[in-house]
1. Multiplying the sequence separation of Ser58 and Val74 by 0.36 nm and subtracting their Cα-Cα distance, what value in nm do you get?
2. So which lysines pass the test for Lys77, namely a Cα distance under 24 Å, with those fewer than 8 places away in the same chain ruled out?
3. For the chain, what is the per residue volume of the convex hull drawn over the alpha-carbon atoms, in cubic angstrom?
4. Tell me, what is the percent relative contact order of the chain, built from C-alpha pairs under 8 Å that lie six or more residues apart?
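What follows draws every value from the coordinates through simple rules; no lab data is involved. Keep in mind that what you see is a predicted model, and the values were worked out from it rather than measured.
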Amino acid sequence: MSVIVKKAEKIQATVESLEAGFSFEQFLAAFQAQYPKDWEKVQREYAKHERKTKPGKSHPMPEPVQYMRNALNVHMKAGKSN
C-alpha cells in the first residue's frame, strides 16, 4: 500500500502546477506546499521504519526525498505528464 493516498493523482496535480522543464527540487517544494500533511506522513513512515529496524538491518522504504524522486520518475516514465 502506498504511503500517500491517491499518490498518482497528487503527483499529476503537482506536475501540472509547474512550468515545463521543472527540476526535481521545484517539484518537491511544490508537493510540500500543496500537500504538507502527505509530506509529513512520508517522513513519519520513514522514521517508523527506521525505529522498528534492528541495527545492521535495512528496510525497504527509501528516505523521504528519494521516495518522492522515485514517485516522480514512475509518473514521468508512465507518460502521464503533458
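1. 3.5 nm
2. Result set, ordered by chain and number: Lys6, Lys7, Lys10.
3. Hull volume over Cα atoms, normalised by residue count, gives 98 Å³.
4. 37 percent
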